[in-house]
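Asks: What follows is a structure written as structure tokens; I'll ask about it next.
The values are calculated or read from the model by the stated rules, or taken from the named source; none is laboratory data. This one's a predicted model, so the numbers in the text were calculated from it and none came from an experiment. Positions of Cβ are backbone-derived with ideal geometry, glycine not excepted, and every protein chain shown enters the neighbour counts.
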Amino acid sequence: MFSFLTSTVGKKYLMGLSGLIWTGFVFAHMAGNMLMFVSPDAYNIYGHNLVTGKLIYFVEGLLILALITHVVLAINLTLENRKARPSRYAMLGSKEKGSRWASRTMAIHGTIILIFIISHLITFKFGTYYETTVDGVVMRDLFRLMIEIFTQPVYLVWYFISLILLGFHLSHGVGSVFQSFGLLHPAYQPMIKTVSWVYAIVVVLGFLSQPIAVFLFHNNGGQA
């Protein structure tokens, strides 16, 4: 078992599994954020339930482990691929050139997205603490914090750039998961590619709908 997990195939399998975990989390997180369109209270209750639930530490631990695994294996596999192709100027077919370009792009996307995840975590999880009361329960006012953050031009630009790159990363990464699991049959490639792009577009538009809504309806000094 250990020899399989440390092999190239095993590493790709683990990388695909860790990516799949984050793929599911990203979609669930995006869907939860849509509660802002229901009401500030619904959004705050959602956030409150997340941090007070019994599974929060398990979920956070799983996500951290999956993220570290994904990043470490991505670096490791990239280095292995470079060693396997020592000559940068070797003659390559068009398909292989495309594959190498995609790999380099994924590395760039991944690095920027990792920085974004850390900054986003610092901004929202450890950011300014506001309180509100919903149905007699005192909880953090995440809705107010969101309005405050998304009215800051610098963060807004950084958020848009990061989410667009996340979209490209997901569109390629979701398809790569099927490849890592050995399920990328040529007959299904067009469908998988389409599903990957649809998923990425839905996720990106879902996340971007928040700052767009803030700009259109709450851009009055940070108050809803």
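Asks: Answer with yes or no whether V71 is touching a strand residue (DSSP E or B) at 6+ places or on another chain (Cβ under 9 Å), modelled with pLDDT of 85 or more and at negative phi. Don't jump to the end; show me each part of the working.
Replies: Numbers: touching a strand residue (DSSP E or B) at 6+ places or on another chain (Cβ under 9 Å): no; modelled with pLDDT of 85 or more: yes; at negative phi: yes.
The answer is no for V71.
Asks: Would you confirm, using the coordinates I've provided, whether S209 is over 30 Å from D41 (Cβ atoms) and either of a type in the set (S, T, Y) or at pLDDT 85 or above (or both)? Give the derivation first.
Replies: Numbers: over 30 Å from D41 (Cβ atoms): no; either of a type in the set (S, T, Y) or at pLDDT 85 or above (or both): yes.
For S209, the condition - over 30 Å from D41 (Cβ atoms) and either of a type in the set (S, T, Y) or at pLDDT 85 or above (or both) - is not met.
Asks: Return the only residue of I64, I112, I108, I21 being of a type in the set (V, I, T) and modelled with pLDDT under 85.
Replies: On inspection, the qualifying residue turns out to be I108.
Asks: Moving on to the next point. Can you tell me which residue within region 200-216, out of those that are crowded, with 18+ Cβ neighbours inside 10 Å and β-branched (V, I, T), is farthest from T151 (Cα to Cα)?
Replies: Selected residue: V203.
Asks: Kindly establish whether Y155 is surrounded by fewer than 19 Cβ atoms within 10 Å (Cβ to Cβ), modelled with pLDDT of 85 or more and outside any helix (DSSP H, G or I).
Replies: Values: surrounded by fewer than 19 Cβ atoms within 10 Å (Cβ to Cβ): yes; modelled with pLDDT of 85 or more: yes; outside any helix (DSSP H, G or I): no.
No: the conditions fail for Y155.
Asks: Restricting attention to region 137-152, report how many residues are in contact (Cβ under 8 Å) with a residue 40 or more places away in the chain and not in a loop (DSSP other than H, G, I, E, B).
Replies: First, pick out the residues of region 137-152 that are in contact (Cβ under 8 Å) with a residue 40 or more places away in the chain: 137, 139-144, 146-148, 150-151.
Narrowing further to those that are not in a loop (DSSP other than H, G, I, E, B): 137, 139-140, 142-144, 146-148.
Summing the residues that are in contact (Cβ under 8 Å) with a residue 40 or more places away in the chain and not in a loop (DSSP other than H, G, I, E, B) in region 137-152 gives 9.
Asks: Return a yes/no flag: does region 164-181 have any residue that is closer than 27 Å to K12 by Cβ, surrounded by fewer than 19 Cβ atoms within 10 Å (Cβ to Cβ) and modelled with pLDDT of 90 or more.
Replies: yes
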